[in-house]
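All remarks here apply to the structure that follows.
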Amino acid sequence: MNRITLVATAAVIVATLCPASWGQGARRLTGNVREGVDEHNDALNQEMNNGMTGTNANQTRQMQQQLQQQQPVTEELKTGWLTRKSRDGKDVRLYFAYPGNLTKAKRAPGLLVVQEWWGVNEDIQERTREFANKGFYAVAPDLYYGKSTDDPAEAAKLRQAMTDAVALTAMKTGMDLLQEEVRNGVVDAMHTGAIGWCMGGQEALLLAIADSRVKATAIFYGPLVTDAAQLKSVQGPVLGVFGNDDKGPSPADVEKFKAALKEAGKTDVTILQYDGVGHAFASKAAAKMGLYNEAKAGEAWSKTWAWLDAKLPRK
């Protein structure tokens, strides 16, 4: 089969239907993390309220302007949206970005970019392009199926309305696209991972548990799975980035996560914890709530890039 040529206009690619048992498995897998989601959401709302009280209005406006005034994408990148059929027949929107010079002799590592509770907003699209600029074939599945917001109250409603099974469907559809490009010879199947922030951190971890095609997993905060039996199915290295002032997940939650990974036999685990910051400290979109910390975010990103270089190397 010839390589897919992706274009910015929407295209629909039909895939085979998956068995009904997959959806049942997703429900079993994610059922035991819902309590953590509620705790995480309560903690995030508390941090948002605290952060908004002390936020400097001028600084917030400046950060919003930076998000709105993105630098143009380099000519070497191929970017855009497409719509692809999931295995159970749903239309899933995917934002993609990849280097334009991919060949079978120069395959790219694949990376699934999992949104925060805002949706696939400009911040997530910018990150997806940034990964592509670094040499990744990056795909951001739209877990909200066309919706996004910059309003925290609306974001909370969208998050609550989304089920983990629905999110897994969208993420697996993104992995299907990467797998098709593996067959086309331009993506490296053994160097394909997932990265997510906040809600997306949780969903990236759930995907790694459910889908063996994920060979490396990076989590920025978000509810954690602490059941060693479930974590045994995670493939490859794990990176976790957390703020020690976070209440969900708290430092105690992170310790439970580390212990469960160890019990599950996972030895390639990197946990980064930062004092003086809480939830969403590495998210530019959270600047409006006073949660973004540019200095600590820069430090965390520097170490994340080094981890990606080591675990998902580009040729």
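Residues in the range 244-257 that are outside any loop (DSSP other than H, G, I, E, B) and either touching a Phe, Trp or Tyr at 6+ places or on another chain (Cβ under 6 Å) or crowded, with 17+ Cβ neighbours inside 10 Å (or both): D253, V254, F257. Are any residues in the range 234-255 out of contact with any Leu (no Cβ under 8 Å at 6 or more places or on another chain), farther than 19 Å from L178 by Cβ and not charged (D, E, K, R), and if so, which ones? Result: G243, N244, S250, P251, A252.
Would a scan of the range 90-100 turn up a residue that is in contact with a helix residue (DSSP H, G or I) (Cβ under 7 Å, 6 or more places away or on another chain) and assigned to a loop (DSSP other than H, G, I, E, B)? Yes, the conditions are met somewhere in the range 90-100.
In the set (1) of a type in the set (F, W, Y); (2) out of contact with any strand residue (DSSP E or B) (no Cβ under 6 Å at 6 or more places or on another chain); (3) assigned to a helix (DSSP H, G or I), the condition left unmet by F131 is number (2).
The condition of being more than 30 Å from E263 (Cα to Cα), in a loop (DSSP other than H, G, I, E, B) and either hydrophobic (A, V, I, L, M, F, W, C) or at pLDDT below 95 (or both) does not hold for L158.
Going by the structure shown, is V120 buried (at least 20 other Cβ atoms within 10 Å of the Cβ), at pLDDT 95 or above and in contact with a helix residue (DSSP H, G or I) (Cβ under 6 Å, 6 or more places away or on another chain)? No; evaluated as a whole, the condition is false for this residue.
Would you confirm whether any residue within the range 297-308 is in contact with a helix residue (DSSP H, G or I) (Cβ under 6 Å, 6 or more places away or on another chain), over 13 Å from P237 (Cα atoms), surrounded by 17 or more Cβ atoms within 10 Å (Cβ to Cβ) and not basic (K, R)? No, the range 297-308 contains no residue that is in contact with a helix residue (DSSP H, G or I) (Cβ under 6 Å, 6 or more places away or on another chain), over 13 Å from P237 (Cα atoms), surrounded by 17 or more Cβ atoms within 10 Å (Cβ to Cβ) and not basic (K, R). Taken across the range 101-122, residues that are of a type in the set (V, I, T), in a strand (DSSP E or B) and more than 17 Å from A167 (Cβ to Cβ) do occur, with at least one present. Pick from the range 179-221 the residues that are farther than 29 Å from Q160 by Cβ and under 15 Å from the mean Cα position of the chain (by Cα): which of them is surrounded by the fewest Cβ atoms within 10 Å (Cβ to Cβ)? Ranking the qualifying residues of the range 179-221, first place goes to K215. Residue pairs whose Cβ atoms lie under 8 Å apart, separated by 6 or more positions or on different chains, with the first residue in the range 295-312 and without any contact (Cβ under 8 Å) to a residue 60 or more places away in the chain and the second among the polar types (S, T, N, Q), are A297/S283.
Out of K172, K104, one residue alone is more than 17 Å from I219 (Cα to Cα) and modelled with pLDDT under 95. It is K104.
Within the range 94-116, residues that are farther than 20 Å from M199 by Cα reach partners that are of a type in the set (D, E) and part of a strand (DSSP E or B) with beta carbons closer than 8 Å, at six or more positions or on different chains, in the pairs R107/D188; A108/D188; P109/D188; G110/D188. In the range 258-269, the qualifying residues are those that are out of contact with any helix residue (DSSP H, G or I) (no Cβ under 6 Å at 6 or more places or on another chain) and surrounded by fewer than 18 Cβ atoms within 10 Å (Cβ to Cβ), and the one that is nearest to M190 (Cα to Cα) is D268.
Among residues of the range 222-243 being in contact (Cβ under 8 Å) with a residue 60 or more places away in the chain and either part of a helix (DSSP H, G or I) or among the charged types (D, E, K, R) (or both), the one that is surrounded by the most Cβ atoms within 10 Å (Cβ to Cβ) is Q230. Among residues that are at positive phi and at pLDDT below 95, G290 is included.
The values are calculated or read from the model by the stated rules, or taken from the named source; none is laboratory data. Treat the numbers as computed from the prediction; the structure is a model and nothing was measured. Cβ: placed from backbone, ideal geometry, glycine included. Neighbour counts: every protein chain shown.
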